[in-house]
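Shown below is the structure under consideration.
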Amino acid sequence: MNNVIEAYRQAASASLDTAESLPFESYHQPDVYQLEADRIFSNDWVFVCAEQELANPGDYYALSLAGEAIAIIRGEDGQLRVMSNNCRHRGTPLLDEGFGKLQKNIVCPYHAWTYNDQGELKGVPFPGNTPVDKASHCLPRFHIESWLGLVFVNLADNPRSLAERLGHIGDYTAIFEPETFDRCSQPDTDNWQANWKLVMENGMESYHLFKVHKQTLETITPTKTSFYVTGSAEWTLTAGEIKGYSGSLMKWLMGSYPEAWNHYMLISVPPSMIAILDKESLSWLCVLPQGPDETRVRSGYLSSKSSGKESKSSKSFTQAFFAEDKVICERVQRGMSSRKGKGGKLVEMERIIVDFHQFLASRLFGSDTDNPFSSEHTHLFKK
Ligand code: FES
Ligand SMILES: [Fe+2]
């Protein structure tokens with residue numbers, strides 16, 4: 001094992017009392033990136049988009065996940081499927097990357113082998129006297145499941161179910177009634193010049209709000225009111241107060257759970273999902289590595305039709321604090337190229353980052369992880 005990877009293993013395996021930030025090289029070294037692609041993004045449930053982005057038959061999303069070209073397609077039968085996006089003839093990528101709508105079939109741009117929306121080979125032009133067994137030339141399928149209207153895919157052969165992966169997380173999200181959110185915003189997509197782990201760490205911790213987001217998030221969700229709820233290497237929930245949440249007293253008097261009316265909950269499900277849940281919406285962040293120092297960051301939100309969310313002002317507010325996050329993440333990435341620099345202590349408010357590091361250590365190195373931890377606030381959110 002090379003030195004960087006061994007230092008990465010040791011740092012990621014630490015518990016809160018000894019935890020420090022990861023070795024800088026782990027944020028840009030190609031060997032580390034390849035290991036993460038192989039053992040995490042090719043082998044775990046990865047959040048990729050919102051279900052409503054693929055609402056209609058024929059809607060597709062083609063992307064590269066850990067170097068694998070895949071296409072998520074809503075079939076004519078209404079089912080979402082994920083399949084290889086490489087032609088079974090000579091491997092040409094079939095659909096262009098991004099979102100689109102099928103013109104009935106998938107036609108390879110090279111020799112026009114043609115597949116239906118389920119990946120079954122339907123046509124082979126000019127085969128001559130060569131028999132091509134269509135049934136054995138279908139596009140390979142992968143696993144796909146949804147949670148809270150969000151789509152996860154898994155490239156592993158026989159993964160455990162998403163429900164098993166998520167365990168009892170739903171016991172804590174239920175009081176916000178996220179299943180009632182049926183409206184999907186137009187998501188934003190951007191590429192940040194930063195390693196995916198920096199983007200995840202930044203997205204999950206509330207420690208930086210008072211400094212990086214002084215004029216934006218801090219005015220509504222101050223750092224000092226944030227707290228850890230419960231979590232482990234698998235997923236973590238933190239929460240905080242929402243200042244000036246209108247109607248909270250009224251709702252409380254009507255018998256709803258008070259915490260749901262004046263708190264947000266932050267959900268971290270590594271490797272790619274961070275979401276902020278409150279009583280009106282679920283704002284999601286999807287983090288997909290594009291290379292050791294480049295990450296595709298997509299954000300959007302789901303809300304209930306009645307909440308009137310996605311006003312222009314909430315959209316520009318979100319864009320304002322994402323711009324702040326992009327600047328700080330790209331700045332930290334530049335710091336990671338230092339050869340003499342060394343990461344320091346993670347403070348109590350960064351326990352969620354320690355959970356994330358333990359996730360990395362468990363997936364990459366099979367390291368033992370700490371037992372799930374619950375704070376004294378946990379009961380407030382349990383239904
Ligand atoms: S590579 Fe697709 S038809 Fe030839
Ligand atoms: Fe931030």
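Relative contact order of segment 47-147, please, whole-number percent, based on alpha carbon pairs below 8 angstrom and at least 6 residues apart.
On the way: 186 pairs, mean separation 23.6, N = 101.
Contact order relative to length: 23 percent.
Bin width 10 Å, alpha-carbon pairs only: give the P(r) of segment 261-383 as whole percents, running from 0 to the bin holding the largest distance.
9, 31, 36, 20, 4, 0
Right, here's the next one. Evaluate the charge dipole of segment 47-147 about its Cα centre and quote only its size in Debye, nearest 20, assuming +1 on the Cβ of each Lys and Arg and -1 on the Cβ of each Asp and Glu. Working shown, then result.
Values: 9 positive and 12 negative charges, 81 e Å.
That gives segment 47-147 a dipole magnitude of about 380 debye.
Any idea which of Val199, Leu65, Cys184 is furthest toward the positive side of the dipole for the chain, if Lys and Arg beta-carbons carry +1 and Asp and Glu beta-carbons -1?
Value: Cys184.
Which lysines, if any, have their Cα less than 25 Å from the Cα of Lys342, not counting same-chain residues under 8 positions apart?
List returned: Lys197, Lys211, Lys326.
Ok, one more. With axes computed from alpha carbons, what is the tilt in degrees of helix 351-365 against the longest principal axis of the chain, rounded to the nearest 10 within 0 to 90?
The angle comes out at about 30 degrees.
Using a 1.4 Å probe, how large is the accessible area of Thr221, given in Å² and rounded to the nearest 10?
Answer for Thr221: close to 20 Å² accessible.
Further question on the same structure: What size of dipole, in debye to the nearest 20, comes out for the chain about its Cα centre when the only charges are +1 on Lys and Arg C-beta atoms and -1 on Asp and Glu C-beta atoms? Please list the in-between numbers first.
Working: 38 positive and 48 negative charges, 134 e Å.
My answer is approximately 640 debye.
Continuing with the same structure: With every protein chain in place, what's the accessible area of Thr318 (1.4 Å probe, Å², nearest 10)?
Approximately 30 Å² for this residue.
What residue among Arg334, Arg90, Arg298 has the largest mean-square fluctuation in a Gaussian network model of the chain, using Cα springs under 10 Å?
Result: Arg90 has the largest fluctuation of those listed.
Then there is this: Isolated Cys in the chain by the 4.7 Å beta carbon test?
Cys49, Cys138, Cys184, Cys286, Cys329, each lacking another Cys Cβ under 4.7 Å.
Going through the cross-link list Lys279/Lys382; Lys224/Lys345; Lys101/Lys122; Lys279/Lys315; Lys243/Lys305; Lys243/Lys383, which pairs have a Cα-Cα distance over 21 Å in this structure? Present the calculation step by step, with values, prior to reporting the outcome.
Details: Lys279/Lys382 15 Å; Lys224/Lys345 19 Å; Lys101/Lys122 19 Å; Lys279/Lys315 18 Å; Lys243/Lys305 23 Å; Lys243/Lys383 23 Å.
Over 21 Å apart, Cα to Cα: Lys243/Lys305; Lys243/Lys383.
Then there's this: Evaluate 2.2 N^0.38 Å with N set to the residue count of segment 316-383, then give the Cα radius of gyration divided by it.
Values: Rg = 16.7 Å, N = 68, 2.2 N^0.38 = 10.9 Å.
The value comes to 1.53.
Based on alpha-carbon atoms only, what is the radius of gyration of the chain relative to the globular estimate 2.2 N^0.38 Å? Don't skip to the answer; put the middle values down first.
Working: Rg = 21.9 Å, N = 383, 2.2 N^0.38 = 21.1 Å.
Dividing the Cα Rg of the chain by 2.2 N^0.38 Å gives 1.04.
How tilted is helix 3-12 with respect to the longest principal axis of the chain? Cα atoms for both, answer in degrees (0 to 90, nearest 10).
Tilt of helix 3-12: around 50 degrees.
OK, next. Give or take rounding to whole Å, what are the principal axis extents of the alpha carbon atoms in segment 175-241, in descending order?
Extents along the principal axes, in whole Å: 33, 31, 30.
As a test of understanding, state the convex hull volume per residue of segment 86-174 from its alpha carbons, in Å³.
On the way: hull volume 11.0 nm³, N = 89.
Value for segment 86-174: 123 Å³ per residue.
The values are calculated or read from the model by the stated rules, or taken from the named source; none is laboratory data. Everything quoted here is computed from the prediction, not taken from an experiment. Using ideal geometry, Cβ is built from the backbone for each residue, glycine included, and neighbour counts are taken over all protein chains shown. When the accessible area is computed, the model is the full protein with side chains, heavy atoms only, and any ligands, DNA or RNA have been set aside. Shrake-Rupley method; radii C 1.70, N 1.55, O 1.52, S 1.80 Å.
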